[in-house]
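Okay, so here's the structure we're looking at.
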Amino acid sequence: MFPALYAILDASPEFAGPSKFSILEIAERLAGAGVELFQYRDKHGSARKIQETSEALIDRLAAAAGVARLIVNDRADVAAIVGAGGAHVGQEDLPVEAARKICGGAVWVGVSTHNLEQLRAADATSADYIAVGPIFPTGTKVNPDPVVGLEFLRAARSITRKPLVAIGGITVESASDVYRAGADSVAVIRDLMAAGDPAGKAREYLAIAKSRMTR
Ligand code: TZP
Ligand code: MG
């Protein structure tokens, strides 16, 4: 089953909460809490920094849990070179099939979509999952696309059988509505990274995801 919680580790130190954990510490705590899917997102770092941090995250996650998968945002080349579990591309990054050529078949390629045209196009690719958003307003992304809302998620669910990852402004308070609208997974930056207790927050999400399965 596709992991129900997708923890995005943003390199910007502003997202670390009052406790100011490093992203390596946050990754370790989240993996210890049972999070299986991570993304490293660094919008300003050099290729070298993204490479080095991704390698460090892969090592830390392997030591903490052994099962966690790290997806590298934007950079399929770096994902391939560090042996990451996947690459995530947006509408202005390499197209899915180009990322696939770089990464190969065993590595996940995920793609962001913001409207139905993009969603249909993504559905016709070899993408392993499709991200949709922003579902709610978010202050985390610079120049976010327009908010698409839960309506878009429902429409997306009726179009694709690929795993759907919802992103943008999601919190533990809204997560069950997001799952109910058709998301296989919720991708979260601020609500996890800025939490005083990221592991405790992750366990709350995982409990919500689990209760959705038994209803
Ligand atoms: N793409 C769409 S919204 C978003 C990204 C990367 C930011 C999500 O961050 P948060 O803090 O979970 O709203
Ligand atoms: Mg991108």
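Below is a table of values for the structure above.
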read-out: Criterion (open to solvent by less than 70 Å² (accessible area, probe 1.4 Å) and within 13 Å of ligand 2 (Cβ to nearest atom)) met by exactly one of 130, 58, 71, 135; value: 71
read-out: Residue list for the range 33-55, restricted to those being within 15 Å of the chain's Cα centre (by Cα), open to solvent by less than 40 Å² (accessible area, probe 1.4 Å) and within 16 Å of ligand 1 (Cβ to nearest atom); value: 35, 37, 38, 39, 40, 41, 42
read-out: Every residue from the range 170-184 that is open to solvent by 30 Å² or more (accessible area, probe 1.4 Å) and either touching a strand residue (DSSP E or B) at 6+ places or on another chain (Cβ under 7 Å) or not polar (S, T, N, Q) (or both); value: 173, 177, 180, 184
read-out: Of the criteria (1) open to solvent by 40 Å² or more (accessible area, probe 1.4 Å); (2) modelled with pLDDT of 95 or more; (3) under 18 Å from the mean Cα position of the chain (by Cα), which one residue 87 fails; value: (1)
read-out: Single match in 156, 187, 199 (criterion: more than 16 Å from ligand 1 (Cβ to nearest atom) and either in a helix (DSSP H, G or I) or open to solvent by less than 10 Å² (accessible area, probe 1.4 Å) (or both)); value: 199
read-out: Number of the exception - residue 188 against (1) more than 18 Å from the chain's Cα centre (by Cα); (2) closer than 16 Å to residue 39 by Cα; value: (1)
read-out: Test result for residue 147, part of a loop (DSSP other than H, G, I, E, B), out of contact with any Cys (no Cβ under 7 Å at 6 or more places or on another chain) and open to solvent by 70 Å² or more (accessible area, probe 1.4 Å); value: yes
read-out: Residues that are in contact with a helix residue (DSSP H, G or I) (Cβ under 6 Å, 6 or more places away or on another chain) and open to solvent by 40 Å² or more (accessible area, probe 1.4 Å), drawn from the range 202-215; value: 212
read-out: Candidate set: the range 5-32, residues that are surrounded by fewer than 16 Cβ atoms within 10 Å (Cβ to Cβ) and small (Gly, Ala, Ser); chosen: the one farthest from ligand 1 (Cβ to nearest atom); value: 32
read-out: Among (1) within 16 Å of ligand 1 (Cβ to nearest atom); (2) within 20 Å of residue 9 (Cβ to Cβ); (3) open to solvent by less than 30 Å² (accessible area, probe 1.4 Å), the one test that residue 164 misses; value: (2)
read-out: Output for the range 109-127, where each listed residue is within 15 Å of ligand 2 (Cβ to nearest atom) and of a type in the set (A, V, I, L, M, F, W, C); value: 109, 111, 122, 127
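The values are calculated or read from the model by the stated rules, or taken from the named source; none is laboratory data. Since this is a predicted model, take the numbers as computed values, not measurements. Heads up, the Cβs are rebuilt from the backbone with ideal geometry, glycines too, and the neighbour counts pull from every protein chain shown. Ligands, DNA and RNA are stripped out before the accessible areas are found, and what is left, the full protein with its side chains, is counted by its heavy atoms. Shrake-Rupley method; radii C 1.70, N 1.55, O 1.52, S 1.80 Å.
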